[in-house]
Amino acid sequence: MRIVVVGGTGHVGSFLVPRLVRSGHEVVSLSRGSREPYVVDPAWQQVTRVVADRDAEDAAGTFAGRLRDLDPDVVVDLVCFTVESATQLVEGLRGHVDHMVHCGSIWMHGPSDRLPITEEDGTPPVGEYGTAKAAIARLLTEETAAGGLVTTSLHPGHISGPGWPVINPLGNLDPQVWRTLAAGEPLAVPGLGTELMHHVHADDVAQAFSLAVEHRGQATGQAFNVTAASALTVRGYAQRAARWFGRDADLRSVSWEEFRQQTGEEHASTSWEHLWRSQYASIDKARRLLGYAPAFLPDEAAEQAVRWQVAHGELDLPADLVSR
Ligand SMILES: NC(=O)c1ccc[n+]([C@@H]2O[C@H](COP(=O)([O-])OP(=O)(O)OC[C@H]3O[C@@H](n4cnc5c(N)ncnc54)[C@H](OP(=O)(O)O)[C@@H]3O)[C@@H](O)[C@H]2O)c1
C-alpha cells in the first residue's frame, strides 16, 4: 500500500515509518523538515520525504488537497489537534483514500473513576487538548458509521523512548527528580504516591498503528487505547527508578501546597495534570481486535529514555550510576 504519514519524524513516526517500510509498503513522510527522526534506520532511504506545514495549509484550506495529490491508499495522521483540522481532512479524503488512522490520546478520558479505563467508559475529558482529542475520535467514529471515510483512532499514553525527556515519577519533566532518586536523597511526593501514570514505548505505539493499517477490517470505525500492559503508581515508578541507580527511593509525602512551593508552578502544574487524572487504560480491545502485544513495560520505556539522555549529555547524572 502507499501510505502517507503526517508527522513521520516525531516520537511515533520514527518507529512507525521503518516498520511500514519493512512490511513492504511505499511510505511518504510529511513534516516541516525541521528535524530528523529520533532513530537512525536504513529503511528511511526508501521513504519519500515531503516538506509541508500542516497548520499553514489547514489555514489556507489546502492540506487535504495536498494529501490527495500524493495519491495514498492510507493516511496516518499523527499531528491533528482540532476538530476543524480533522473535519477538513475527512471531507477532503472521503472517497479518495481507503483508510485514515488518527493519533489521539488517553487524555480523551478524564480523571479516572473505574480502572482500567476502557474506550467506552472513561469519564468526560477535561482541558482543551483532551476535549479536542475526544471530539475528534467521536467525529471519526460517526463518519465511518455513516458510511463515509473508513477511519480508526489510536489513543496512546505518555509516549516514551530514547531521544526525548520522559514524564518522571512525579508526573512532570523536572530533571532534578532523577538527580534526587539517583543520589538516594529524600524526594517530596505530593499526596500518598498512589496516583497512576500510564506510559507506553513509542515503538509499541508504532506497533499498534502498523496493526491498524494491516487489520483495516477489524479497525474500521474503532477507537483503541494504546499503552503498556501495566501502569505505574508514583511510588512504584519512583522505587523502580531509584533501583536503576542502585538506590532505594526515600519518599516523603507532602501536601500539594507544599509541593507547589518547593517545585515551582510549572513542574507542579504538570504533575497535577498527570496525577489528578490518575489513569490506567485497558488495552484489551487492541489486543483482541488487532493482536496488539506491547513489548515494553512502562518502566522499561522510561529507563530507555533516561539512559539515552544521560548517554547524550542531556541529563546531568553521574554516568556510572546509570550503567549499574
Ligand atoms: N507525547 C506524548 O506523550 C503523547 C501522548 C499521547 C498522545 N500523543 C499524541 O501523539 C501525537 C504526536 O506524536 P509524536 O509524539 O510522534 O509527535 P512529535 O514527536 O511531537 O512529532 C511531531 C511530528 O510532526 C511534525 N510536525 C509538527 N508540526 C507540524 C506541522 N505543522 N506540519 C507538518 N508536520 C508537523 C514534526 O516534524 P517537524 O517539526 O519537522 O514538522 C514531527 O515529525 C499527537 O497527536 C499527540 O496528541 C502524544
Here the percent of antiparallel bridges among DSSP beta bridges lying wholly in the chain, to the nearest 5, is 5
Just flag the GluC sites (Glu not before Pro) in the range 90-163 sitting in loop per DSSP whose Cβ has no more than 12 other Cβ atoms within 10 Å.
-> Glu120
Please report Rg over Rh for the range 170-260, where both radii come from the alpha carbon positions and Rh follows the Kirkwood definition.
-> 1.14
To the nearest 10 degrees, how steeply does helix 265-277 sit against the main Cα axis of the chain, on a 0 to 90 scale?
-> 70
Helix 83-93 versus the longest principal axis of the chain: what angle, 0 to 90°, nearest 10, using Cα atoms?
-> 30
Show the residues, 5+ positions off or on another chain, whose built amide H is closer than 5 Å to the amide H of His102.
-> Asp77, Thr152, Ser153, Leu154
Any idea what angle helix 234-244 forms with the longest principal axis of the chain, computed on alpha-carbon atoms, 0 to 90 degrees, nearest 10?
-> 80
Over the range 182-324, relative contact order from alpha-carbon pairs under 8 Å, at least 6 apart, % | 41
Cα-based Rg/(2.2 N^0.38 Å) for the range 165-324, rounded to two decimals, is 1.13
Ratio of Rg to Rh over the chain (Cα coordinates, Kirkwood Rh, two decimals) = 0.98
Which semi-axis lengths, in whole Å and largest first, follow from the square roots of five times the eigenvalues of the Cα gyration tensor of the range 2-104?
-> 22, 15, 11
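Would you please calculate the Kirkwood hydrodynamic radius of the range 144-186 over all C-alpha pairs and express it in Å, rounded to one decimal? Intermediate results must be reported in sequence, preceding the final value.
Values: mean 1/r = 0.0725 Å⁻¹.
About 13.8 Å for the range 144-186.
Around Glu195, with a cut-off of 14 angstrom between Cβ atoms, what is the net charge of the other residues, counting Lys and Arg +1 and Asp and Glu -1?
Values: positive: Arg235, Arg277; negative: Asp113, Glu273.
Neighbourhood net charge equals 0.
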Select from Val50, Val226, Val306 the residue whose mean-square fluctuation is largest in a Gaussian network model of the chain (Cα-Cα springs shorter than 10 Å).
-> Val50
With Rh as the Kirkwood radius over Cα pairs, the range 1-45 has Rg/Rh of 0.92
Taking Cα centroids, how far is the range 19-42 from the range 163-235 in Å?
-> 23
Quick one: Kirkwood hydrodynamic radius for the range 99-204, alpha-carbon pairs, angstrom, one decimal?
-> 16.1
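Taking the convex hull of the alpha carbon atoms in the range 86-158, what volume per residue do you get, in Å³? Each step should come with its number before you reach the end.
Values: hull volume 6.3 nm³, N = 73.
Expressed per residue, the convex hull around the Cα atoms of the range 86-158 is 86 Å³.
The numbers here are math on the coordinates, done by the rules we state, and not lab data. This structure is a prediction, so every number in the text was calculated from the model and none was measured. Quick reminder, even Gly has a Cβ in these numbers, built from the backbone with ideal geometry, and neighbours come from all protein chains shown.
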